[in-house]
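The values are calculated or read from the model by the stated rules, or taken from the named source; none is laboratory data. Treat the numbers as computed from the prediction; the structure is a model and nothing was measured. Neighbour counts are summed over all protein chains in view; Cβ atoms, including those assigned to glycine, are modelled from backbone coordinates with ideal geometry. The accessibility values were calculated without ligands, DNA or RNA, using every heavy atom of the protein model including side chains. Shrake-Rupley method; radii C 1.70, N 1.55, O 1.52, S 1.80 Å.
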Amino acid sequence: MYKTYDVLIVGAGTAGSYAAYLMAKQGLSVALVERKRAEEVFKVTGDAIGKHHIEELTKSGLSISNDVFMIKYEGAELYSPDLSIKYFVAGEGYGLDIGKWAQWLINAANNSGADIIDNHTVSTPIIEGGFVKGVKASRRDGTQVELRAKVTVDASGATGVVRTKLPSQYRISEPLLPEDASYAYREIVEVDYSIPNPQNIRIYLDNNISPGGYWWFFPKSDRVANVGLGIWGRLVKENGLNPRINYEKYLASSPYVKGRKLLHTGGGIVPTRRPLASMVGPGIVAVGDAAVAVNPIHGGGIGPALLSSALASKAIIEALEKGDVSEAGLWRYNLDYLNAYGIKQAQLDVFRLMLQTLTNDQLNRGLRARILTEDEVLRMSISGNLDLSGGKKALMALRLLKVPDVARKLSLALRYMNEIKKIYINYPRDPSELNNWLAALVAKYNEYRLKLKLPLMTL
Ligand SMILES: Cc1cc2nc3c(=O)[nH]c(=O)nc-3n(C[C@H](O)[C@H](O)[C@H](O)COP(=O)(O)OP(=O)(O)OC[C@H]3O[C@@H](n4cnc5c(N)ncnc54)[C@H](O)[C@@H]3O)c2cc1C
């Protein structure tokens, strides 16, 4: 028999463990439920995280054990498909030892008082009186159990095992469609040469190797690298593409992984879309990948997982104090997330859709013309905006003249990034207006998608 908790968190990845740590630290009774053994929690990722996320994390009072960091990065090299153009975008970050990272976060949750309930696979939410009251789960030995709480947090990763099982009138239940995801495969390899500039991560745009995505080479030392690729989910579903097969075809025998000794292999799905229409429902909240809190351009989700968990925890604590865990009682999480990151995420999603329609030839010509300078790429990835002053606008116009077809698409994306931002700024202050707001958002997206010749979205 399990007690009824204040908060029950499904999934002990970055998002779930951090939320458990934050809320248990505030004195709430918290259960962190995980299908794997706690010691075996491990996420297949590119293992890279921006320094600013780590700085935020330390503000929460957590002291980070140094052994989670394998390497410090100074920036990213971005390559055109024909490799003739290289951008260098400065920005500090780290390569994580992701296994140690997971264990460190689970321990932090445990030490702050959360109960770790591992070896439990959650199957469905328990709904009573319209509220989520916990989950049904099965233990390793097959026993079916019920775990109950005032608030349930879905932190189960991209599958969103709890929220997607809710009936469709709960807006939080919207599914992650293949066209809003990237399907990725990566290897950690030891190579037999000394990796030059291991302090730089490398991103390669190439629609043959990674259609609608990119392939990466993230050094972990001068001999070991995390190498992988992501393919737009739509092409995986419609054209039967497979990231592992592309890896074997294009990268496995390439000079990049010369002497390739496999240390670890694996894959996963990365959400690459605008935020969920709502990240909350009655008695339920979603965080991390389960809430599609990921950068739609580069798929970085470890930082947004931390951010979404911090904001969700604040909203849950407040809702419990007020004794109101209804959708309206938890609503502030939607607003806080949009302000902190979600609006930018939506704008980057608009940009992502445009990028996915560019051919290798257009990418080569666009990068060669340096339509966007390194500084502009950096600013856009930070703010989701390209607010160019008069002089810079004129310079850009000159650069655009050289590549009119790419220029048309870029201008279209920039215009709709602004339009979508305006809609998000008017995100409803409470749930009553959500359906109208969503209808306006979908209409605007469809206007844009029509111009890009992409299939239309439905409500
Ligand atoms: C190949 C790849 C490369 C990536 N590279 C990067 C990168 O370099 N940098 C970056 O920032 N992001 C990267 N990402 C994204 C990043 O890994 C995720 O955004 C982030 O790890 C999400 O954390 P999370 O806690 O939300 O989910 P997860 O880490 O997926 O955690 C979910 C947890 O829930 C558990 N769970 C699932 N289902 C159940 C169930 N039914 N019952 C109980 N428990 C369950 C899982 O076992 C898991 O422990 C990458 C992703 C992939 C797939």
**Request:** Go ahead and run the numbers for FRET between D361 and E92, Cβ-Cβ distance against an R0 of 35 Å, rounding to 0.05.
**Result:** 0.55
**Fill in**
The answer for the chain, counting only DSSP H helices whose Cα atoms cover 27 angstrom or more along the axis and whose Kyte-Doolittle average is -1.0 or greater, is 302-322, 404-425
**Item:** Solvent-accessible area, 1.4 Å probe, carbon plus sulfur percent, for the chain
**Value:** 54
**Request:** Assuming a ≥ b ≥ c are the square roots of the Cα gyration tensor eigenvalues, decide whether the range 179-271 counts as rounded (a/c under 1.5), prolate (otherwise, with a/b larger than b/c) or oblate.
**Result:** prolate
**Prompt:** Counting each DSSP H run of 4 or more residues in the chain as -39500 (n - 2.57), what helix-only mean residue ellipticity at 222 nm follows after dividing by all residues, to the nearest 500 deg cm²/dmol?
**Reply:** -11000 deg cm²/dmol
**Asked** Rounded if a/c is under 1.5, else prolate if a/b is larger than b/c, else oblate: which is the range 1-70, with a ≥ b ≥ c the root eigenvalues of its Cα gyration tensor?
**Response** oblate
**Prompt:** How big is the chain on each of its three principal axes, counting only the C-alpha atoms and giving the largest first in Å?
**Reply:** 66, 53, 41
**Fill in**
In the chain, taking the dipole from +1 charges on Lys and Arg beta carbons and -1 charges on Asp and Glu beta carbons about the Cα centre, the listed residue (N418, P296, G160) farthest towards the positive end is N418
**Cα-derived Rg to Rh of the range 21-131, Kirkwood definition** = 1.11
**Message:** Modelling each spin label as a point 7 Å along the Cα-to-Cβ direction, I'd like the L456/K3 distance in nm, to one decimal.
**Reply:** 5.4
**Request:** Calculate, for the chain, the solvent-accessible area per residue in square angstrom, rolling a 1.4 angstrom probe over the heavy atoms of the protein chains.
**Result:** 41
**Item:** Packing-based order for 38-48, 133-143, using average beta carbon neighbours within 10 Å, highest first
**Value:** 38-48, 133-143
**R0 of 45 Å, Cβ-Cβ distance Q26-N197: FRET efficiency to nearest 0.05** = 0.55
**Prompt:** If we sort 325-335, 404-414, 448-458 on the protection proxy, mean other Cβ atoms within 10 Å, highest first, what's the order?
**Reply:** 325-335, 404-414, 448-458
**Request:** Would you mind classifying the range 259-365 by shape? Square roots of the alpha carbon gyration tensor eigenvalues, ordered a ≥ b ≥ c; an a/c under 1.5 is rounded, otherwise it is prolate if a/b is larger than b/c and oblate if not.
**Result:** oblate
